[in-house]
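I have placed the structure first, in the form of structure tokens, so that the comments after it can refer back to it.
The values are calculated or read from the model by the stated rules, or taken from the named source; none is laboratory data. Nothing here was measured: the structure is a model prediction, and the numbers come from that model. In this analysis, Cβ positions are derived from the backbone assuming ideal geometry, glycine residues included, and neighbour counts consider all displayed protein chains. With ligands, DNA and RNA removed, areas are computed over all heavy atoms of the protein, side chains included. Shrake-Rupley method; radii C 1.70, N 1.55, O 1.52, S 1.80 Å.
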Amino acid sequence: MDLIEQIKQNARENKQRIVLPEGDEARTLKAADQLIADGIADVILIGPAQTIKDMAAEFELKNIDKACIVDPKNNPNRDKYANLLFELRKSKGMTIEEAQGLAENFMYLGVLMLKAGDADGLVSGARSTTGDMLRPALQIIKTAPGVSCVSGAFIMFLPNDKYGTDGKIVCADCAVTPVPTAEQLAEIAVCTADTAKNIAKIDPKVAMLSFSTKGSAKHEDVDKVIKATELAKQMRPDICIDGELQADAAIVPSVGASKAPGSEVAGKANTLVFPRLEVGNIAYKLVQRLAGAEAVGPVLQGFAKPCNDLSRGCSIDDIYKLVAITCNQAIAQKNS
Ligand code: ACO
């Protein structure tokens with residue numbers, strides 16, 4: 001069974017409640033209809049109830065009546081969520097009036113439902129920028145214990161199975177933290193290894209990427225990757241991780257053997273950690289476009305509860321897959 005089928009099956013067998021804050025966005029609504037039809041998740045749609053019902057009728061969606069619709073402007077639980085937000089953010093200067101206003105904002109409401117335990121996961125971003133989606137989640141959901149830095153991984157399905165594990169490579173950070181410190185980079189490596197294992201179902205061999213392999217270049221950016229590699233090894237001795245490695249030394253067996261002899265990762269890496277967001281974001285998009293790889297994600301990692309961001313250019317299928325992945329993250333978190 002291919003990976004996406006496995007992810008869907010696991011979601012079906014362990015149904016999770018997924019909140020979609022952009023419930024009145026056409027692609028999101030169509031994806032929700034299919035997710036309900038396939039039994040992948042119990043769907044919560046945030047948005048004006050009548051608009052959602054009208055859109056469902058217009059698109060002839062037969063399953064939306066099985067979704068739970070939460071209308072932010074007519075929400076009997078508004079005060080519960082406003083009070084929760086106020087308690088969480090009053091030390092940052094938020095007033096109760098501001099919290100009441102934000103509890104009617106679709107994105108804040110979705111994040112608050114997740115925080116309150118009224119949903120198990122969240123997927124949003126079909127019409128919001130990454131920053132607008134991320135900020136409420138970073139402020140309210142916060143990071144998982146032992147993690148200070150959220151990041152975003154992509155599962156890359158390459159058109160041939162020459163690289164990675166059967167053509168599958170997980171890479172990060174491609175989405176969130178612009179310039180990580182060495183400590184943050186170590187956390188990103190650990191979180192990415194867990195995403196590779198729990199979501200991509202591969203045995204992670206993690207390469208900490210650089211423009212240097214094992215001291216071939218001297219620079220403060222190289223030093224950061226070396227330090228991050230050491231920290232990640234200390235944090236999680238169980239993970240197979242090595243660095244600093246250039247990209248070819250990481251994934252090409254002959255180059256790995258000549259530049260980093262004896263490394264358990266060089267030439268065999270299936271999990272790539274980029275030194276900064278600029279590199280990761282550009283690299284995954286180039287591999288997607290120039291090599292014709294399928295890029296599934298970003299799978300956000302490091303949050304205390306699973307919330308995931310869509311690209312504004314996403315398809316209905318992208319939303320469907322990301323919801324199924326979010327269900328798998330929620331299941332993995334509950335079982336950990
Ligand atoms: N991890 C954990 N917490 C964080 C992080 C992080 N990476 N960044 C910020 N925070 C926390 C802060 O500590 C703060 O918490 P607090 O308010 O409780 O003190 C809260 O989030 C808000 O922090 P700000 O500094 O106000 O947020 P900022 O303006 O820095 O925005 C953001 C954070 C949105 C993640 C920003 O760094 C960003 O825009 N990153 C790039 C996102 C992006 O555009 N990615 C590329 C597109 S995605 C794609 O192509 C797949």
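Averaged across orientations, what area in nm² does the convex hull of the alpha carbons in region 211-259 project?
Mean orientational projected area (region 211-259, Cα hull): 3.4 nm².
Would you mind working out the accessible area per residue for the chain, using a 1.4 Å probe, and quoting it in Å²?
43
Semi-axes of the equivalent ellipsoid of region 113-246: what are they in whole Å, largest first, if each equals the square root of 5 times a C-alpha gyration tensor eigenvalue?
Gyration-tensor ellipsoid for region 113-246: 27, 19, 15 Å.
For region 179-282, report the translational diffusion coefficient in µm²/s to the nearest whole number, using Stokes-Einstein at 4 °C, 1.567 mPa s, and a Kirkwood Rh over Cα pairs.
The calculation lands on 98 µm²/s.
Can you tell me the equivalent ellipsoid semi-axes for the chain? Use √(5λ) from the Cα gyration tensor, largest first, whole Å.
Values for the chain, descending: 37, 23, 15 Å.
Residues of region 155-189 with backbone nitrogen within less than 16 Å of a virtual label 7 Å along the Cα-to-Cβ line of E220, please, listed as ranges.
Hits in region 155-189 for E220 at 16 Å: 179-183.
Using only the Cα atoms of region 1-138, what do you get for the radius of gyration and for Dmax, in Å?
Rg and Dmax of region 1-138, Cα atoms, are 15.6, 51 Å.
Let me have the 222 nm mean residue ellipticity of the chain computed from DSSP H runs of 4+ only, each contributing -39500 (n - 2.57), with the sum over all residues rounded to the nearest 500.
-14000 deg cm²/dmol
Between region 159-212 and region 1-53, how far is it from one alpha carbon centroid to the other, in angstrom?
27
If amide hydrogens are placed 1.01 Å from N in the peptide plane, which non-local residues have theirs closer than 5 Å to the one on Q16?
Here the answer is D42, since their amide H atoms fall under 5 Å of that of Q16.
I'd like the chymotrypsin sites (Phe, Trp or Tyr not before Pro) in region 57-124 restricted to DSSP loop residues with at most 13 other Cβ atoms within 10 Å, sorted by number.
F59
Using the Kirkwood radius built from alpha carbon pairs, what does the Stokes-Einstein equation give as D for region 283-336 at 25 °C and 0.890 mPa s, in µm² per second?
In µm²/s, the coefficient is 199.
Please report the carbon-and-sulfur percent of the accessible area for region 151-295; probe 1.4 Å, protein heavy atoms only, DNA, RNA and ligands left out.
54
Could you check the simple spin-label distance between R276 and A116, using points 7 Å along Cα→Cβ, in nm with one decimal?
Computed distance between label sites R276 and A116 equals 4.1 nm.
Going through the cross-link list K205/K321; K268/K334; K142/K205; K142/K227; K142/K168; K15/K66, which pairs have a Cα-Cα distance over 20 Å in this structure?
Checking Cα-Cα distances, K205/K321; K268/K334; K142/K205; K142/K227; K142/K168 exceed 20 Å.
Hey, what's the Kirkwood Rh for region 121-168 if you take every pair of different alpha carbons, in angstrom?
13.5
Which ³J(HN,Hα) values, rounded to whole Hz and listed in residue order, are derived for region 147-152 from phi using the Karplus coefficients 6.51, -1.76 and 1.60 in 6.51 cos²θ - 1.76 cosθ + 1.60 with θ = phi - 60°, glycine and proline given as x?
10, 10, 9, 7, 8, x
Output ³J(HN,Hα) for region 86-95: one whole-Hz value per residue in order, computed from phi by the Karplus curve 6.51 cos²θ - 1.76 cosθ + 1.60 with θ = phi - 60°, and x for Gly and Pro.
In residue order, the calculated couplings are 4, 4, 6, 10, 5, 5, 9, x, 6, 8 Hz.
What longest region of the chain stays clear of GluC sites (Glu not before Pro) that DSSP places outside H, G, I, E and B and that have at most 13 other Cβ atoms within 10 Å?
That would be 61-263.
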